[in-house]
Amino acid sequence: MHKVITSMVEYFGCDVRRINHALKVYGLASTICRCENLCEQDIEVTEIAAVLHDIGILVSEKKYGSCIGKYQELEGPAIAHAILDKLRTKPDTIARVCYLIGNHHTYTKIDGIDFQILVEADFLVNIYEDEMDEKMVKSIKEKYFKTNTGLQLLDSMFVLIS
């Protein structure tokens, strides 16, 4: 993992906000994976995807003048593929990570525990970073959180009045 993280840091350079976001998502995703007792392959895919999930942001901003989710999904997989190929990551791992990155804002495509955990970890960080209000947090919880650990973390981090 350290090579994926250092590659992401090198890619983002001085964009410390984006680096910190990726590291926070990685930390929470890793925690959820382990608490949910995922197998090593699923942990590896989820952790790599968490580190690289927003890797398409810089190209999106340059190419489209925006970093909205659909542009990140369009641009991120090719960049992640190049990084992971250079690190000699297994082709099946690269394929799954690129799928997750290419769909991480398309919640109707969640098709596995790795994807579910990536979404939950990203939301946990975004709720704080975007200063979402309680109504929004409750809606996100009801719509998108499924793992016991993700739900526990959400409830611990954000006090929701029933």
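Out of all the residues in the stretch 114-133, which are closer than 18 Å to VAL51 by Cβ and either of a type in the set (D, E, K, R) or surrounded by fewer than 20 Cβ atoms within 10 Å (Cβ to Cβ) (or both)?
Listed by number, the residues that qualify are ASP114, GLU120, ASP122, ASN126, GLU129.
Can you name every residue in the stretch 103-162 that is free of Cβ contacts under 8 Å to residues at least 24 places away in the same chain, hydroxyl-bearing (Ser, Thr, Tyr) and within 18 Å of ARG34 (Cβ to Cβ)?
Answer for the stretch 103-162, where residues must be free of Cβ contacts under 8 Å to residues at least 24 places away in the same chain, hydroxyl-bearing (Ser, Thr, Tyr) and within 18 Å of ARG34 (Cβ to Cβ): just SER156.
Can you tell which of THR106, THR93, THR46 is of a type in the set (Ser, Thr, Tyr), surrounded by 15 or more Cβ atoms within 10 Å (Cβ to Cβ) and within 25 Å of PHE145 (Cβ to Cβ)?
THR46
Is it the case that the stretch 86-98 has a residue that's within 21 Å of ILE19 (Cβ to Cβ), touching a residue at least 60 places away in the same chain (Cβ under 8 Å) and either aliphatic (A, V, I, L, M) or in a helix (DSSP H, G or I) (or both)?
Yes, the conditions are met somewhere in the stretch 86-98.
Would it be correct to say that ILE83 is over 19 Å from LEU124 (Cβ atoms) and touching a helix residue (DSSP H, G or I) at 6+ places or on another chain (Cβ under 8 Å)?
Numbers: over 19 Å from LEU124 (Cβ atoms): yes; touching a helix residue (DSSP H, G or I) at 6+ places or on another chain (Cβ under 8 Å): yes.
Yes; evaluated as a whole, the condition is true for this residue.
Considering only residues that are part of a helix (DSSP H, G or I), without any contact (Cβ under 8 Å) to a residue 60 or more places away in the chain and buried (at least 20 other Cβ atoms within 10 Å of the Cβ), which ones fall in the stretch 50-72?
If we filter the stretch 50-72 for residues that are part of a helix (DSSP H, G or I), which is where we start, we get 50-52, 57-64, 69-72.
Add one more test, that the residue is without any contact (Cβ under 8 Å) to a residue 60 or more places away in the chain, and what stays is 51-52, 57-64, 69-72.
VAL51, LEU52, ILE57, SER60, GLN72, listed by residue number.
Would you be able to say whether some residue in the stretch 14-30 is without any contact (Cβ under 8 Å) to a residue 12 or more places away in the chain, surrounded by 13 or more Cβ atoms within 10 Å (Cβ to Cβ) and over 21 Å from PHE123 (Cα atoms)?
Scanning the stretch 14-30, I find no residue that is without any contact (Cβ under 8 Å) to a residue 12 or more places away in the chain, surrounded by 13 or more Cβ atoms within 10 Å (Cβ to Cβ) and over 21 Å from PHE123 (Cα atoms), so the answer is no.
Spot the failing condition for CYS33; the list is (1) in contact with a Leu (Cβ under 9 Å, 6 or more places away or on another chain); (2) closer than 28 Å to LEU151 by Cβ, and only one is missed.
(1)
Read-outs: derived from the displayed coordinates by stated rules, not from any lab. Just so it is clear, the model here is predicted, and its values are computed rather than measured. Because the Cβ atoms are built from the backbone with ideal geometry, glycine has one as well, and the counts that use them run over all protein chains shown.
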